[in-house]
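Colleague: Here it is, the structure in full.
We did not get these values from a lab; they are worked out from the coordinates using the rules stated. Quantities reported herein were computed from a predicted structural model and do not represent experimental measurements. Glycine also receives a Cβ, built like all others from the backbone with ideal geometry; neighbour counts cover every protein chain displayed.
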Amino acid sequence: MYKSRGPGVGLVLKTSLFATGCAGIVAEFVLSTLATYLIGNAIFQWTIVMSIMLFAMGIGSRISRVFYHRLLDTFILIEFSLSVLCAISAQLAYVLSAYTGYIALVIYIQAFLIGNLIGVEIPLVIRINESYENLRINISGVMEKDYYGALFGGLAFAFFALPYLGLTYTPIVLGAINFLVASLLLWRFFFLIERKVLTVSAFICTLFFLVVLGVIAGPVIRYGEELKYRDKVVYSTQTSYQKIVITRWKNYYWLYINGQEQFSTFDEEKYHEPLVHPAMKLSCDMSRVLILGGGDGLALREVLKHKEVKSVALVDIDPVMTNLAKEHPVLVSINQGSMSDPKVIIINKDASKFIKKDSHLYGVIIIDLPDPDSVDLMHLYSENFYRMLSSHLIKGGVMVTQATSPYFSRRAFLCINKTIKKAGFSILPYHNQVPTMGEWGWVIGIRKEDTHEDWLKKHIVLADFTDIKTKFLDKDAMISMAHFGKGVLDKEFMKDIKINTELSPVLYRYYLSGSWGMY
């Protein structure tokens, strides 16, 4: 059918496959990232979305059998269809997430449809090109270009698209790539097209759609986010690690990461003061402090209230978050410029990797990491991680960690307690009601060779907070926080709780089994 066309079509088709291979892999990454942001649980979402797309590609390959004629026309129309589906994926998910609790289904359906169309592409190209190259060269050449394109797409997504274009414009760029491929084939080999009116109409409609979508993409995403968060979105950005959103209601601000509340200025002191000051007061030397997480600078703000502090190392994986806390007027006002204090060293690195290479000892280690809602965070809540932290404490040094909710996720809270204790610490769990977050818990730990739990319980209620400026925390509040209601720390219940390790991340299962939907 295409023998008369010469070698030009083969070369253009393979070049097109390089571009579509690039776009295809990035489409998978976009949907996986989108699912992580809107639903949570990164490893699960990436696994499911990628699996659905690969399965759909297999079905697409099978479907390609039904096309006997007009293969070039079909390939071009599929590329136009992919252009539309890829370009609108993020906008559609953002808007629908505000109206339905089944957003996961929406994203999975998009993954299936896009994967299905991608699966049709390669068999069609092989069949179109079969009259020019023998089977051995044809198949290897087509697959080679597709795989090379996938590598290029992966690198482009990680180092350029996600950090600079975000989930607002990366899908539109994907759509534009598929559109350009289809347009190149359409106009370069127009004489081979059999359904000229249909393909030209598809070209015009797709071009119009992409132009309009490019203009309205920003407002559509903002509209979807404001519906999702209810309050006015004053800042939003997608980093290489997470989606950061700041909202405002009246004179109060909220910070969200991947859709989860990190703090509200309405009541953040009820979280950050208990996180920091009890541990600081129990330490025999608070001159050198380490903060793991806390990239918003609020825990750091509380640490710097203690005059004895001489140096603070703050380790947060995301440089965008720490720069934001250092430069954005809203966050600077909230953290009182703590990120620019000369005593502070900011290190953008994974907490576990930092600890493995760090050689310093600290009087206080404060862990302000995200909730254990994803398998990829389990190493930061493992027995081995806490043992590493133990080796970085001076004699009489204190470690404290946020430990999720003892009310909404009791098993997860107790698992963290038990894991820290197994790592060689005497522990003291405590809790507080944070209105915008619910009942929250923390765990203080001091190495067993340094002290015992009875000492901790005795001295925590004797701590004097009058020498530091606090909004909430005082001696009476601390006494209340150190006591739990009947049954929360039940020893019989605790027996069934397992230790969280890197090889057996039970904490993840405990966390997901919590009653978070009640709040």
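Colleague: Where does each of 81-88, 358-365 land if you order them by average Cβ count within 10 Å, highest first? Before the final figure, lay out the partial values.
Modeller: Numbers: 81-88: 23.4, 358-365: 18.5.
Ranking, from highest mean packing down: 81-88, 358-365.
Colleague: Okay, next question. In percent, what relative contact order does the range 3-229 have, based on Cα pairs under 8 Å that are 6 or more apart in sequence?
Modeller: Details: 288 pairs, mean separation 85.8, N = 227.
RCO, the range 3-229: 38 percent.
Colleague: Residue by residue through the range 163-177, which ³J(HN,Hα) values in whole Hz follow from phi under the Karplus form 6.51 cos²θ - 1.76 cosθ + 1.60 (θ = phi - 60°), with glycine and proline marked x?
Modeller: x, 9, 9, x, 7, 7, 10, 4, x, 5, 4, 4, x, 5, 5
Colleague: If you put +1 on each Lys and Arg Cβ and -1 on each Asp and Glu Cβ, how big is the dipole of the range 113-218 around its Cα centre, in Debye rounded to 20?
Modeller: Values: 6 positive and 6 negative charges, 38 e Å.
Roughly 180 debye, rounded to the nearest 20.
Colleague: Give me the net charge for the shell around I193: Cβ to Cβ below 9 angstrom, other residues only, Lys and Arg +1, Asp and Glu -1.
Modeller: On the way: positive: R70, R195, K196; negative: D73, E194.
Its environment carries a net charge of +1.
Colleague: Kirkwood hydrodynamic radius, computed over distinct alpha-carbon pairs, for the range 140-282: how many Å, to one decimal?
Modeller: On the way: mean 1/r = 0.0519 Å⁻¹.
Result for the range 140-282 stands at 19.3 Å.
Colleague: Counting each DSSP H run of 4 or more residues in the chain as -39500 (n - 2.57), what helix-only mean residue ellipticity at 222 nm follows after dividing by all residues, to the nearest 500 deg cm²/dmol?
Modeller: On the way: 18 runs with 278 residues, N = 519.
-17500 deg cm²/dmol, from helical runs alone.
Colleague: On to the next question. Work from the charge dipole of the chain (Cβ charges, +1 for Lys and Arg, -1 for Asp and Glu, about the Cα centre) and give the residue of V315, P372, I118 farthest towards its positive end.
Modeller: The residue sitting most towards the positive pole is I118.
Colleague: A further question follows. For the chain, what does the relative contact order come out to in percent, with C-alpha contacts under 8 Å and a separation of six or more?
Modeller: On the way: 894 pairs, mean separation 68.1, N = 519.
In percent, rounded to a whole number, it is 13.
Colleague: When we measure straight from the Cα of K305, which aspartates and glutamates land under 19 angstrom away, once same-chain ones fewer than 8 places off are left out?
Modeller: Straight-distance partners of K305: D267, E268, E269, E273, D285, D296, D341, D368, D464, D467, D474.
Colleague: Here's something else I'd like to know. Roughly how far apart, in whole Å, are the Cα centres of the range 153-195 and the range 461-482?
Modeller: Centre-to-centre distance over Cα atoms comes out at 59 Å.
Colleague: State to the nearest 20 debye the size of the charge dipole of the chain about its Cα centre, where the only charges are +1 on K and R beta carbons and -1 on D and E beta carbons. Mind showing how you got there, number by number?
Modeller: Numbers: 51 positive and 45 negative charges, 129 e Å.
That gives a dipole near 620 debye.
Colleague: Would you please report the Å³ per residue occupied by the convex hull of the alpha carbon atoms in the chain?
Modeller: Details: hull volume 83.2 nm³, N = 519.
Normalising the Cα hull of the chain by residue number yields 160 Å³.
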